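The next block holds one structure in the form of structure tokens; read it before the comments.
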Ligand SMILES: Cc1cc2nc3c(=O)[nH]c(=O)nc-3n(C[C@H](O)[C@H](O)[C@H](O)COP(=O)(O)OP(=O)(O)OC[C@H]3O[C@@H](n4cnc5c(N)ncnc54)[C@H](O)[C@@H]3O)c2cc1C
């Protein structure tokens, strides 16, 4: 149940909060990004929530994003549920490295802000999902959301889905990119994505270009860097995107969209230290809860899985929600241990200009292993295969970075 004190000041917010269902929410979600929207969609679909309120600081829910993932990142049940929010679905993709190129027949999918918004629209139309925009949250406790304007909203349960915040117990590298959707003067000829083209010049980072063909003459080109710091010089990268298009003989007729991303890549983290500091805080999902792939920074698969877990709860009492979120964060942290180790190898052992060799070697492995890697579900044997053979980074430095605990102690100041 929700109790709302005082009126929201935004137009949409005022409308929503004076509506018939304004004081009847089973769940209040702070942050209307990917993670928050998926939980609302799933819980209203399964029916364990009848009314949900999302409080979003921006002017619209869902932002303006593209979210991609491997089809095999999701279970068949999760994929079926998520299908209405898909914008593109390809049967495979290419990777290119200086010494090696390959096509993988792993389905690749893209969703975007518009497709997710349209998937949840029926619940907004029915009045089951109330969206309050332009409402920045100042404080989120386990039962109350307090807005910056002083209003408070209480729910049967409250969730924090307000996106990424740095934390001293999480040590990061970064995946940074600028992406442009371009319209080409003639068909670009790409039938499936190139998710890594690392034949481009390297430098102080692992650099690759990522291309998604949205139509015969429409392609997203992202120039991407795995680097120690978060700085990003957009103008330089936009020039490199043009140069890449030219190298493919793609003449740019129009730039339809530009986006940038600075995604966290976790090198080491102490989840229990984080959790200890969150007493009485609302359960954190999405990037706010560290629920993203440590190697790619991508969060869609975890957001879908978290939504499924919450949607399957018998009820949405705060205690049950908190328990389910915490259990998922702990299992995620455990599952991602190996990936944080690989990140420490990638970022801290060896020269940045040679980081591509780690990926080049990885992509020679078999498809089931590549799928399991992105799903975060590697067997011991598969982990051994990733680490076996002649390491593409110096052994001494690799061993130095093995222990997450020691790494945290050395680098946390
Ligand atoms: C350009 C870009 C491309 C990406 N591509 C992919 C991809 O292809 N695949 C993938 O899986 N991941 C991708 N990611 C990474 C990640 O999945 C996304 O960042 C994803 O949107 C994270 O979801 P989230 O809900 O945790 O956070 P967000 O989507 O950032 O949502 C948080 C929401 O909370 C709101 N908010 C924040 N603070 C407050 C406040 N105080 N009060 C009220 N509201 C607040 C924000 O306005 C926002 O709407 C990409 C990220 C970026 C930036």
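Based on DSSP H runs of at least 4 residues, each adding -39500 (n - 2.57), what is the mean residue ellipticity at 222 nm of the chain after dividing by all its residues, to the nearest 500 deg cm²/dmol?
So the helix-based figure for the chain works out to -10000 deg cm²/dmol.
What's the FRET efficiency of residue 59 with residue 139 using the Cβ-Cβ distance as r and R₀ = 22 Å, to the nearest 0.05?
The value I calculate is 0.55.
Report the percentage of all Cα-Cα pairs in the range 171-267 whose separation exceeds 24 Å, rounded to a whole percent.
The share of Cα pairs beyond 24 Å in the range 171-267 comes to 19 percent.
Over 15 Å apart: what share of the alpha carbon pairs of the range 273-321 falls there, rounded to a whole percent? Please list the in-between numbers first.
Working: 630 of 1176 pairs.
Considering the range 273-321, 54 percent of its Cα-Cα pairs are separated by more than 15 Å.
State whether the range 152-214 is rounded, prolate or oblate according to the following rule on the C-alpha gyration tensor (a ≥ b ≥ c being the square roots of its eigenvalues): a/c under 1.5 gives rounded; otherwise a/b larger than b/c gives prolate, and the remaining case gives oblate.
Working: a/c = 3.90, a/b = 1.69, b/c = 2.31.
Judged from the Cα gyration tensor, the range 152-214 comes out oblate (a/c at least 1.5, b/c at or above a/b).
May I ask you to work out the translational diffusion coefficient for the chain at 37 °C, viscosity 0.692 mPa s, via Stokes-Einstein with Rh from the Kirkwood sum over Cα pairs, reported in whole µm²/s?
Taking Rh from Cα pairs, D becomes 147 µm²/s.
Debye sum, Cα scatterers, the range 34-75, no solvent: what log₁₀ I/I(0) at q = 0.21, 0.31, 0.32 1/Å?
-0.85, -1.08, -1.10
To two decimal places, what compactness ratio does the range 305-375 give when its Cα radius of gyration is scaled by 2.2 N^0.38 Å?
Here the Cα radius of gyration is 1.58 times the empirical estimate.
Between the range 120-180 and the range 317-389, how many Å separate their Cα centres?
Between the Cα centre of the range 120-180 and that of the range 317-389, the gap is 27 Å.
Tell me, Kirkwood radius of the range 258-413 from alpha-carbon pair distances, in Å?
Computed over the range 258-413, the radius equals 17.2 Å.
What residue among 86, 381, 44 shows peak mean-square fluctuation when the chain is described by a Gaussian network model with Cα springs under 10 Å?
Of 86, 381, 44, the most mobile in the Gaussian network model is 381.
Fully extended, how many nm does the chain gain between residue 199 and residue 323 (0.36 nm per residue separation, minus their Cα-Cα distance)?
Numbers: separation 124, 0.36 × 124 = 44.64 nm, distance 4.58 nm.
Between residue 199 and residue 323, full extension yields an extra 40.1 nm.
What nm value, rounded to one decimal, do you get for the distance between residue 233 and residue 148 when each label is placed 7 Å out toward the C-beta?
In this crude spin-label approximation the distance works out to 3.2 nm.
Where a number appears in this text, it was derived from the coordinates with a stated rule and is not lab data. All of these numbers come straight from a predicted model, not from anything done at the bench. Every residue, glycine as well, gets a Cβ built from its backbone with ideal geometry; the counts of neighbours run over all protein chains shown.
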